[in-house]
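Structure record follows, encoded as structure tokens.
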Amino acid sequence: MDLPSVASAGGSLGTLATAVTAVAGTGAVSGAALAPVFGVVGGDYVAGLLGAVAAADTELVRLAAYYASAAAGAARTVAASAATEAGGTAALLGVWGGAG
């Protein structure tokens, strides 16, 4: 994988992390709003459903954190690669300058 691809993937992961973060929590809000309505019908079913929604929200938060971490890792990889390339170029120019 070349440097521009890593940079692009890192940007995409960052965008994905932002999108997932925006969605996390909406299920719990919706579920809480609907609980009084459905609580009359079947409390156990609604409680189970709200528990599943809360678990899904928790997983979305974890997924967003993973994507954000992966994006940060890609940014570090790009920075390290650029620094390595710059160092190699400087060393090569030094060798050429010293040979002349």
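Residue by residue, the stretch 9-26 carries 3J(HN,Hα) couplings of 4, x, x, 5, 5, x, 5, 5, 4, 5, 5, 5, 4, 5, 7, 4, x, 5 Hz when phi is fed to the Karplus relation 6.51 cos²θ - 1.76 cosθ + 1.60 (θ = phi - 60°); x denotes Gly or Pro. When peptides 67-73, 2-8, 46-52, 83-89 are sorted by average Cβ neighbour count within 10 Å, with the highest value leading, the order is 67-73, 46-52, 2-8, 83-89.
A viscosity of 1.567 mPa s and a temperature of 4 °C, combined with the Kirkwood radius over C-alpha pairs in the Stokes-Einstein formula, give the stretch 3-93 a diffusion coefficient of 81 µm²/s.
Coordinate-derived values only; no laboratory data. None of these values were measured; they are calculated from a predicted model. Ideal geometry is used to build each Cβ from the backbone, glycine not excepted, and the neighbour counts take in all protein chains shown.
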